[in-house]
Amino acid sequence: MTWRDWYPEGSTVFIGGEQYMLRHNEHDLGVALYRGDQRVMTITPEYVPVIASGIKYPEVAA
C-alpha cells in the first residue's frame, strides 16, 4: 500500500477548523490541499496525520 491508497483524491482534510480538498500533486511530491480551485498548500503524506484533526474519505460507488 502506498500513501495514495491511504489518502485518495477527493478526501476532505480538516485542519484547525478549516476544510480542504485533497488532490495528488501532479509531480508526485505529496498531497495538495485546495480550497475551491486554489491550491493552499502541498505537504508530504507523512505530515497529514500530524496536522489534520480528521479526514473524510470520498464515497465509494458500489
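The values are calculated or read from the model by the stated rules, or taken from the named source; none is laboratory data. None of these values were measured; they are calculated from a predicted model. Note that we place each Cβ from the backbone using ideal geometry, even for glycine, and neighbour counts take in every protein chain shown. Just the protein is used for accessible areas: all its heavy atoms, side chains included, with ligands, DNA and RNA removed. Shrake-Rupley method; radii C 1.70, N 1.55, O 1.52, S 1.80 Å.
Run down 40, 60 and say which single residue is without any contact (Cβ under 8 Å) to a residue 24 or more places away in the chain and open to solvent by 100 Å² or more (accessible area, probe 1.4 Å). Show your work before the answer.
Working: 40 fails: open to solvent by 100 Å² or more (accessible area, probe 1.4 Å).
Of the residues listed, the single one that is without any contact (Cβ under 8 Å) to a residue 24 or more places away in the chain and open to solvent by 100 Å² or more (accessible area, probe 1.4 Å) is 60.
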Sort out which residues of segment 43-57 are surrounded by fewer than 14 Cβ atoms within 10 Å (Cβ to Cβ), in a loop (DSSP other than H, G, I, E, B) and touching a residue at least 24 places away in the same chain (Cβ under 8 Å), and write them in order of number. 53, 57
Going through segment 5-35 in order, the residues found to be open to solvent by less than 70 Å² (accessible area, probe 1.4 Å), among the small types (Gly, Ala, Ser) and without any contact (Cβ under 8 Å) to a residue 40 or more places away in the chain are 30, 32
If you check residue 60 against the conditions, is it in a loop (DSSP other than H, G, I, E, B) and of a type in the set (Val, Ile, Thr)? yes
